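Worksheet for the structure shown next.
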Protein chains: 2
Amino acid sequence: MGPGPISAYPSVLRSMSAPLVGQFDPYMTALMEETQELYRGVWSTRNDATLLVDGTSRAGIEAALVSLIRPGERVLVPVFGRFGHLLAEIAERAQAEVHTIETDWGQVFPVSVLEEAIARVRPTLLALVQGDTSTTMNQPLDEVGELCAKHGALFYTDATASLGGNPFEADAWGVDAATAGLQKCLGGPSGSSPLTLSERALGVIRSRRRIEAGIREDGDDSAPDFIRSNYFDLGQICDYWGPRRLNHHTEATSMLYAAHECARLLLQEGRDAVIARHRVAGEAMLEGVRGLGLGVFGDVAHKMSNVVAVEIPEMVHGDAVRASLLEDFGIEIGTSFGPLHGRVWRIGTMGHNAREDAVLQTLAALESALRSHGASVPNGDGVEAARAVFRGAAA
Amino acid sequence: MGPGPISAYPSVLRSMSAPLVGQFDPYMTALMEETQELYRGVWSTRNDATLLVDGTSRAGIEAALVSLIRPGERVLVPVFGRFGHLLAEIAERAQAEVHTIETDWGQVFPVSVLEEAIARVRPTLLALVQGDTSTTMNQPLDEVGELCAKHGALFYTDATASLGGNPFEADAWGVDAATAGLQKCLGGPSGSSPLTLSERALGVIRSRRRIEAGIREDGDDSAPDFIRSNYFDLGQICDYWGPRRLNHHTEATSMLYAAHECARLLLQEGRDAVIARHRVAGEAMLEGVRGLGLGVFGDVAHKMSNVVAVEIPEMVHGDAVRASLLEDFGIEIGTSFGPLHGRVWRIGTMGHNAREDAVLQTLAALESALRSHGASVPNGDGVEAARAVFRGAAA
């Protein structure tokens, strides 16, 4: 019940035990195409370039940034938590001229602040986290694509922590590039990064086209400003997933199975239904911890539905309570990074864990663990408050 | 039965269905340490920095090269197939000054040729494939480490196609960095790249140390020539696997389970026993295709034990025979790249597929498929020749 990685859906775990097939086997290429179509549904997009990067969520981030940013170009990163710093870090390593704006942890940016910064910096690319698990905040994105288009910037967003548990509309919001991971609301293991690119983003990548030595043929000219990573060259990755099927990496077959099953489950239940399930479970957890008399960090109106940052009460040692939960109850929760390390616990309700029994068990265990560590907590009020939310949702 | 990815060991497939745990869960960190120790056995090394890169085998290659090469440094790449070109490509993208020497496809380099080139180029790093699946050749490496040390070069090798099926002695051969994948002789899925680094290699990486924004603390100074990739920064990856457990990527848990099981199986059977099994199965396949009257490409004395390049007879269409094998018999074999595309079939005997029944089935099916495509082939001589090899090995 941490902020991710989480317990995967059982059928996702089972999917990875399926036999492997060769990378150009017709079954494999058909499954890759099917996976692309499923993720168009997950991202709410018609983007042709919708695929997986073979690595963890930050592999997807780096693939997007190194493919879209030429050295020296200006990149604007609004930072509202640890993962905004990560976007700035990756952009800096890609030799961008990085500009950041920051807001207090626990807050999101008003759109006017974003617009002012875009107009001032005039970036080639805006890189903005949607949900930053470090603070639990969920940055509103619905007006950002329009802003970027108006100012001639590409709009990239990292939806790792938020996708599947909160609304995401790639096309309607004018997103040019977005990446995620499986290990949060999609309910799978870390190790595969879904990614989608608009035609505009694809145009930038195509203009930097280079086919690698070893499979390059006559007429395959290399752009002078080719992408400085081979593994993360989205042009080559698109040629591998696309009809040309140019050899690049060897697709990670078992992770493809997992990614396929994550998306299939989400669309079978229904994107809106899954988001609603996360909203209810998240609300129940929020009311549950409040029922235990605990404070909640940050601007709750803007938090992701799938994770809550609980203020650690002064009378207990946060890590000792976490250890009790893990050792006595087999339930894992997280702490956070930087200024929030040791100040909050992060409790997730993501993917398979966005369930009533998981929420109630966690609250009952937390109540017991707090009491055994000497905290005075109301008797059963956490579970009861959560149960009321579920009852209300079912009514 | 292609050149990889191959059918995985059943217990490797099952291992990936195990429940996930959090990335700093004591079970997880203990499993990571256990995996490191297992891979020290696989690589034949005492290198502390023995770990997994979360991506396919070329992710491991890129991690090694971008972490070890500073822009402008000289890198020597002896090319004897498609994957030598890939090393040169990745080094070039890492902004190295890349020098290549080439030999004919189907040959390996005599050590004297390597020494002459090292003495002439004086590279910071020699990047040399061990087994190049495109040609099936297995470059002897046992004297290369000493040569590199004598000339002040680091020695990196890509053992993706060869590790587990052919001898590899990281410490005894003086290897500074080596990478592999699971999808060949280790008998697992693509998507995790075992990597090992000598103390000398680690020294270079430590000298480029940079801890990323977001988790950097006072005193964590950044080297001016820091690594230009975040995902592939082996310094950070070592800090994540090491006792400091600094947050970097979220370890791909299911792939870790698979990598752990691949190594556990190999060491349980015994490294030498597994290599011997590959040698016998490879010899049986070699004699089997010869028994069918087919030619074998390249310097057979130097081929990897686990793959054979079979010359496609003129009277048949190579891809049509491959399609028959797949559609009628459910057996997949490969063709090759570049100058060998359409000229050879590549038949693997790797990992779980290095078995007598797999070899005999493949030869029987190939005989039938060749005959149905109009080729005249001796009746049963392929299977019989292979069977004789297995009988001899068991005697």
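Yes or no, residue by residue, for (1) in contact (Cβ under 8 Å) with a residue 60 or more places away in the chain; (2) open to solvent by 10 Å² or more (accessible area, probe 1.4 Å); (3) more than 20 Å from A:Gly41 (Cβ to Cβ):
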residue: A:His151; (1), (2), (3): no, yes, yes
residue: A:Phe168; (1), (2), (3): yes, no, no
residue: A:Gln183; (1), (2), (3): yes, no, no
residue: A:Pro189; (1), (2), (3): yes, no, yes
residue: A:Arg200; (1), (2), (3): no, yes, yes
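Do you know which of the residues in segment A:346-378 that are over 28 Å from the mean Cα position of the chain (by Cα) and part of a helix (DSSP H, G or I) is surrounded by the most Cβ atoms within 10 Å (Cβ to Cβ)? Spell out how you get there, then give the answer.
First, the residues of segment A:346-378 that are over 28 Å from the mean Cα position of the chain (by Cα): A:364, A:367-378.
After this cut, where a residue has to be part of a helix (DSSP H, G or I) as well, the list is A:364, A:367-372.
Details: A:Ala364: 17, A:Glu367: 22, A:Ser368: 15, A:Ala369: 24, A:Leu370: 22, A:Arg371: 12, A:Ser372: 13.
Filtering first and then ranking leaves A:Ala369.
With respect to B:Ser44, is the statement that it is on the phi < 0 side of the Ramachandran plot and modelled with pLDDT of 95 or more true? Walk me through how you get there before you give the answer.
Details: on the phi < 0 side of the Ramachandran plot: no; modelled with pLDDT of 95 or more: yes.
When the stated conditions are applied, B:Ser44 does not pass them.
Yes/no matrix, rows are residues, columns are (1) among the charged types (D, E, K, R); (2) under 23 Å from A:Ala161 (Cβ atoms); (3) in contact with a Leu (Cβ under 9 Å, 6 or more places away or on another chain):
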site: A:Val316; (1), (2), (3): no, no, yes
site: A:Asp319; (1), (2), (3): yes, yes, no
site: A:Gly330; (1), (2), (3): no, no, no
site: A:Gly338; (1), (2), (3): no, yes, no
site: A:Ala358; (1), (2), (3): no, yes, no
site: A:Leu363; (1), (2), (3): no, yes, yes
site: A:Ala385; (1), (2), (3): no, no, yes
site: A:Ala388; (1), (2), (3): no, no, no
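All but one of (1) in contact (Cβ under 8 Å) with a residue 24 or more places away in the chain; (2) within 11 Å of another protein chain (Cβ to nearest Cβ); (3) of a type in the set (Lys, Arg) hold for A:Arg245, so report the exception by its number.
(2)
I'd like the full set of residues that are more than 15 Å from A:Leu128 (Cα to Cα), open to solvent by 10 Å² or more (accessible area, probe 1.4 Å) and more than 10 Å from chain B (Cβ to nearest Cβ), limited to segment A:66-89.
Listed by number, the residues that qualify are A:Arg70, A:Gly72, A:Glu73.
Checking A:Arg322 against (1) within 21 Å of A:Gly4 (Cβ to Cβ); (2) open to solvent by 50 Å² or more (accessible area, probe 1.4 Å); (3) at pLDDT below 95, which test does it fail?
Condition (3) is where A:Arg322 drops out.
Being charged (D, E, K, R) and either farther than 21 Å from B:Thr100 by Cα or within 14 Å of chain B (Cβ to nearest Cβ) (or both) is the filter here; which residues of segment A:195-222 pass it?
Kept after step one, since they are charged (D, E, K, R), are these residues of segment A:195-222: A:199-200, A:206, A:208-210, A:212, A:216-218, A:220-221.
Selection gives A:Glu199, A:Arg200, A:Arg206, A:Arg208, A:Arg209, A:Arg210, A:Glu212, A:Arg216, A:Glu217, A:Asp218, A:Asp220.
Could you list, ordered by first residue, the pairs with Cβ atoms under 7 Å in which the first is in segment A:75-96 and assigned to a helix (DSSP H, G or I) and the second is of a type in the set (Val, Ile, Thr) and open to solvent by 10 Å² or more (accessible area, probe 1.4 Å), at least 6 apart or interchain?
Going by the 7 Å Cβ cut-off, the qualifying pairs are A:Ala88/A:Val98; A:Ala88/A:Thr100; A:Ala91/A:Val98; A:Glu92/A:Val98.
Going through segment A:1-30 one residue at a time, which ones are within 25 Å of the chain's Cα centre (by Cα), closer than 23 Å to B:Asn353 by Cα and more than 7 Å from every other protein chain (Cβ to nearest Cβ)?
A:Ser15
Out of all the residues in segment A:327-339, which are in contact with a helix residue (DSSP H, G or I) (Cβ under 8 Å, 6 or more places away or on another chain) and open to solvent by 30 Å² or more (accessible area, probe 1.4 Å)?
Matches in segment A:327-339: A:Asp328, A:Phe329, A:Glu332, A:Phe337, A:Gly338.
Please tell me if A:Tyr39 is within 14 Å of chain B (Cβ to nearest Cβ) and either of a type in the set (Ser, Thr, Tyr) or part of a strand (DSSP E or B) (or both). Talk me through it step by step, then tell me what you get.
Details: within 14 Å of chain B (Cβ to nearest Cβ): no; either of a type in the set (Ser, Thr, Tyr) or part of a strand (DSSP E or B) (or both): yes.
When the stated conditions are applied, A:Tyr39 does not pass them.
Across segment A:14-50, what is the total count of residues that are open to solvent by less than 30 Å² (accessible area, probe 1.4 Å) and without any contact (Cβ under 8 Å) to a residue 60 or more places away in the chain?
Counting residues in segment A:14-50 that are open to solvent by less than 30 Å² (accessible area, probe 1.4 Å) and without any contact (Cβ under 8 Å) to a residue 60 or more places away in the chain gives 2.
Considering (1) part of a loop (DSSP other than H, G, I, E, B); (2) modelled with pLDDT of 95 or more; (3) crowded, with 24+ Cβ neighbours inside 10 Å, say which one B:Ile61 fails and leave the rest.
(1)
Is it true that some residue in segment B:90-109 is open to solvent by 10 Å² or more (accessible area, probe 1.4 Å), within 14 Å of chain A (Cβ to nearest Cβ) and of a type in the set (Ser, Thr, Tyr)?
Yes, segment B:90-109 contains at least one residue that is open to solvent by 10 Å² or more (accessible area, probe 1.4 Å), within 14 Å of chain A (Cβ to nearest Cβ) and of a type in the set (Ser, Thr, Tyr).
Being buried (at least 21 other Cβ atoms within 10 Å of the Cβ), of a type outside the set (D, E, K, R) and either closer than 26 Å to A:Val79 by Cα or in contact with a Phe, Trp or Tyr (Cβ under 8 Å, 6 or more places away or on another chain) (or both) is the filter here; which residues of segment B:226-240 pass it? Write out each step before concluding.
Filtering segment B:226-240 for residues buried (at least 21 other Cβ atoms within 10 Å of the Cβ) gives B:227-238.
Among the residues that remain, those that are also of a type outside the set (D, E, K, R) are: B:227, B:229-232, B:234-238.
Scanning segment B:226-240 gives B:Ile227, B:Ser229, B:Asn230, B:Tyr231, B:Phe232, B:Leu234, B:Gly235, B:Gln236, B:Ile237.
Could you run through segment A:258-286 and say how many residues are within 14 Å of another protein chain (Cβ to nearest Cβ) and out of contact with any Leu (no Cβ under 8 Å at 6 or more places or on another chain)?
1
If you check B:Glu92 against the conditions, is it at pLDDT 95 or above and in contact with an Asp or Glu (Cβ under 8 Å, 6 or more places away or on another chain)?
Numbers: at pLDDT 95 or above: yes; in contact with an Asp or Glu (Cβ under 8 Å, 6 or more places away or on another chain): no.
When the stated conditions are applied, B:Glu92 does not pass them.
Quick one: what pairs do we get from segment B:352-367, first residue among the small types (Gly, Ala, Ser), second part of a helix (DSSP H, G or I), C-beta under 6 Å, 6+ apart or different chains?
Close Cβ pairs satisfying both conditions: B:Ala354/B:Arg277; B:Ala354/B:His278; B:Ala354/B:Ala281; B:Ala364/B:Val383; B:Ala365/B:Leu325; B:Ala365/B:Phe329.
Give B:Gly338, B:Gly392, B:Gly374, B:Gly330 a once-over and let me know the one that is within 14 Å of chain A (Cβ to nearest Cβ) and over 28 Å from A:Gly214 (Cβ atoms).
On the way: B:Gly338 fails: over 28 Å from A:Gly214 (Cβ atoms); B:Gly392 fails: within 14 Å of chain A (Cβ to nearest Cβ); B:Gly374 fails: within 14 Å of chain A (Cβ to nearest Cβ).
So the residue among B:Gly338, B:Gly392, B:Gly374, B:Gly330 that is within 14 Å of chain A (Cβ to nearest Cβ) and over 28 Å from A:Gly214 (Cβ atoms) is B:Gly330.
Do the conditions hold for B:Thr56, that is, is it buried (at least 17 other Cβ atoms within 10 Å of the Cβ) and more than 13 Å from every other protein chain (Cβ to nearest Cβ)?
Values: buried (at least 17 other Cβ atoms within 10 Å of the Cβ): yes; more than 13 Å from every other protein chain (Cβ to nearest Cβ): no.
So B:Thr56 fails the test.
Pairs please, first residue from segment A:210-225 and under 24 Å from A:Glu73 (Cβ atoms), second anywhere and open to solvent by less than 20 Å² (accessible area, probe 1.4 Å) and not in a loop (DSSP other than H, G, I, E, B), Cβ atoms under 6 Å, 6+ apart in sequence or on different chains.
A:Glu212/B:Glu89
The values are calculated or read from the model by the stated rules, or taken from the named source; none is laboratory data. The structure displayed is predicted, hence computed values, not measured ones. Note: ideal-geometry Cβ built from the backbone for every residue, glycine included; neighbour counts use all protein chains shown. For the accessible areas, the whole protein counts, side chains as well, though only heavy atoms, and no ligand, DNA or RNA atoms are used. Shrake-Rupley method; radii C 1.70, N 1.55, O 1.52, S 1.80 Å.
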